[in-house]
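The values are calculated or read from the model by the stated rules, or taken from the named source; none is laboratory data. This is a predicted model, so every value here is computed, not measured. Because the Cβ atoms are built from the backbone with ideal geometry, glycine has one as well, and the counts that use them run over all protein chains shown. Side chains included, ligands, DNA and RNA excluded: accessible areas come from the protein's heavy atoms. Shrake-Rupley method; radii C 1.70, N 1.55, O 1.52, S 1.80 Å.
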Amino acid sequence: MVTTPVLIVDDSPMIIKIIKKALLANSVDGCQFDEQNIYTASDGMEAFGRMGEGHKIKLIISDINMPNLNGDEFIEILKDTGKLEELQVVFVTASSTKLVL
C-alpha cells in the first residue's frame, strides 16, 4: 500500500505527538502512514512553507486556534488558491464553543 503524505498543523507539540502516534498505529480509508511522510507545522504560515517543500501533501490535520495564521485563515487561502481541491482536511480543536464547532 502506498503511504499518504500528511501535514499536521498545531501549535501544541503534545497534540502533534498524539496525532502522529495515532496515524502510525492505524490506517484510515485506505491511507497508510509512515514516519517519513508525516510533516508538521506550528501554524498556517509554517504549513505553507512545508507545502512549498514539494512533499505532495494529500491530507492535512489542522488545529483551528493557532497564532500568526489560524486554521480558518489557512484553509481559506488554500481554497482561494485552488489547492484545497487536491486535499483532504480534518480540523481538530480544544474549543467547545458552538461558534467554533
Could you list, in sequence order, all residues of the range 1-18 that are part of a loop (DSSP other than H, G, I, E, B) and either closer than 12 Å to Ser62 by Cβ or of a type in the set (S, T, N, Q) (or both)? Thr4, Asp10, Asp11, Ser12
Which pairs do you get when a residue that is closer than 14 Å to Pro5 by Cβ, found in the range 19-33, comes within reach of a residue that is in a helix (DSSP H, G or I), reach meaning Cβ atoms under 6 angstrom, with the pair 6+ apart or on two chains? Phe33/Leu23; Phe33/Leu24
Any idea which of (1) open to solvent by 50 Å² or more (accessible area, probe 1.4 Å); (2) in contact with a strand residue (DSSP E or B) (Cβ under 6 Å, 6 or more places away or on another chain) is the one Leu7 doesn't satisfy? (1)
